[in-house]
1. Where in segment 297-408 are the strands (runs of 3 or more DSSP E), entirely inside, with at least 1 residues that are closer than 30 Å to Glu75 by Cβ?
2. Condition test on Thr159, is it more than 30 Å from Gly202 (Cβ to Cβ), touching a helix residue (DSSP H, G or I) at 6+ places or on another chain (Cβ under 8 Å) and surrounded by fewer than 16 Cβ atoms within 10 Å (Cβ to Cβ)?
3. How many of the residues in segment 149-201 are among the basic types (Lys, Arg) and touching a Ser or Thr at 6+ places or on another chain (Cβ under 8 Å)?
4. Restricting to segment 183-209, and then to whatever is over 41 Å from the mean Cα position of the chain (by Cα) and assigned to a loop (DSSP other than H, G, I, E, B), can you tell me which residue is surrounded by the fewest Cβ atoms within 10 Å (Cβ to Cβ)?
5. Kindly list the number of the only condition in (1) loosely packed, with under 14 Cβ neighbours inside 10 Å; (2) in the same structural domain as Ser292 (by TED's automatic domain parsing) that fails for Ser233.
6. Among the residues of segment 315-337, are any of a type in the set (Val, Ile, Thr) and more than 27 Å from Asp69 (Cβ to Cβ)?
7. Under 9 Å by Cβ, and 6 or more places apart or on different chains, what pairs join a residue from segment 286-309 that is in contact (Cβ under 8 Å) with a residue 60 or more places away in the chain and surrounded by 14 or more Cβ atoms within 10 Å (Cβ to Cβ) with one that is acidic (Asp, Glu) and part of a loop (DSSP other than H, G, I, E, B)?
8. Scan segment 243-290 for residues that are of a type outside the set (Lys, Arg), under 21 Å from Arg315 (Cα atoms) and not in a strand (DSSP E or B) and jot them down.
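The values are calculated or read from the model by the stated rules, or taken from the named source; none is laboratory data. Note that this is a predicted model, so its numbers are computed, not measured. Glycine also receives a Cβ, built like all others from the backbone with ideal geometry; neighbour counts cover every protein chain displayed.
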Amino acid sequence: MPAAKVFIEPAMECETMLPRKTLLLVGAVLLIGAGLGAYFLKGPAPSHAAGPTAAPPVPVTAAQAHKGDVPIVLEGLGTVTPINTATIRTQVQGTLDSVDFVEGQEVKRGDVLAKIDPRVFEAQVDQAEAALARDQASLKNSQVNLARTQPLAARGFATQQLLDTQDSQVAQGQGTVALDKAALEAAQTQLSYATITAPFDGITGIRHIDPGNIVHPTDATGLVILTQLQPISIIFTLPSTDIADVQKAIASREASVDAYDAANKQKLDHGSLMLIDNQVDASTGTVQLKASFPNEKKNLWPGSFVNIHLTIAIRHDAVTVPLTAVLQGPSGAFVYVVDANHVVSVRKVKAGQSRDGKVLIEQGLSGDETVVTAGQYRLTPGTSVEIVPNDRSDLVQNATTASAGMLP
């Protein structure tokens, strides 16, 4: 019995110890798993706390506002119009003997352009001269007779009736001679029409008829068209609302006109304003103006269309900025001004005329500020910027379709 008792007690001890070890092992595994899960869910603990990071400056291009004399210019579309142009026609009928000009040739006033067979007109002149000579001889005889009769009548040897008759014959002879002189002058004029000359300096066009043809004063095309090129005029239009400003410019002698080509890039000539038309076109609300140009280089050709720049005043100490610097917002025009610390602020401005890539600033800038010209869509007041040179403008991000809500 004692031996059996000793054998049973160790067996019971083993049975009670196995569950405890198993429980401890399972608990340890669960704790380790929970710790790993918390580590992967939350991540490793930071070694130190992170502070706020400053935004990098925005790259932009900028330009200095310019202060100086600015011309106030009105622009219009015009047509080159000769001051003088004429269709050269014959004034008498006859056979065209010769054409004495070259098409497209410059001619001077009085140069011979063509000749008509003059023989018929020369005969008329001869007849008029002969009639004049005959009647002059008759008048002379009447005058001699009158001179003889007057002293006889004074002494009573000739009647008063005879004296009056001879006096009338002299007066009649004088009238006949005057008529003959007029007829001779008319015949000489007709003869002069046989030689066709240039009425003014100009350039001939395309010839419309050849020698040997019969020409008439009623021919529609004439012989040639002669056009004056130097000086030449341009007729252009402006809105009728500009009339008052143009009149002031004419009165102050500040009006000057420049003609540019159809692309509005190349200057063709400089001229002066001649007049404002006396009527406004009610259908378009425009008025025509006429300017004269010396056209020394013959850049202006009749019938061509040109752009006119009419300077009506010079604005002194005016401020201008590049066109791209001025933006439009709900409150009007504004620019971004860069201060000495490269921080931008919004400046409302009043913009005037814009031309040649520049805008006249009527109000808002004094002329010594730096304004942003590209990259504005990323800016707000207080933004720091980095001004990059123009040769590195590709670093500047810009948007042509910036949201209107971003504008102040």
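1. 305-322, 327-329, 332-338, 344-348, 350-355, 358-363, 370-374
2. Yes: the conditions hold for Thr159.
3. Going residue by residue through segment 149-201, those that are among the basic types (Lys, Arg) are 155, 181.
After this cut, where a residue has to be touching a Ser or Thr at 6+ places or on another chain (Cβ under 8 Å) as well, the list is none.
Here the count works out to 0.
4. Residue satisfying both the conditions and the ranking: Tyr193.
5. Failed condition: (1).
6. Taking segment 315-337 and keeping what is of a type in the set (Val, Ile, Thr), we get 319-321, 324, 326, 335, 337.
From what is left, the residues that are more than 27 Å from Asp69 (Cβ to Cβ) are none.
No - not one qualifying residue is present in segment 315-337.
7. Sorted first by the residue in segment 286-309, then by its partner, the pairs are Ser304/Asp261; Val306/Asp261; Asn307/Asp261.
8. Across segment 243-290, the qualifying residues are Ile243, Ala244, Asp245, Val246, Gln247, Ala249, Ile250, Ala251, Ser252, Glu254, Ala255.
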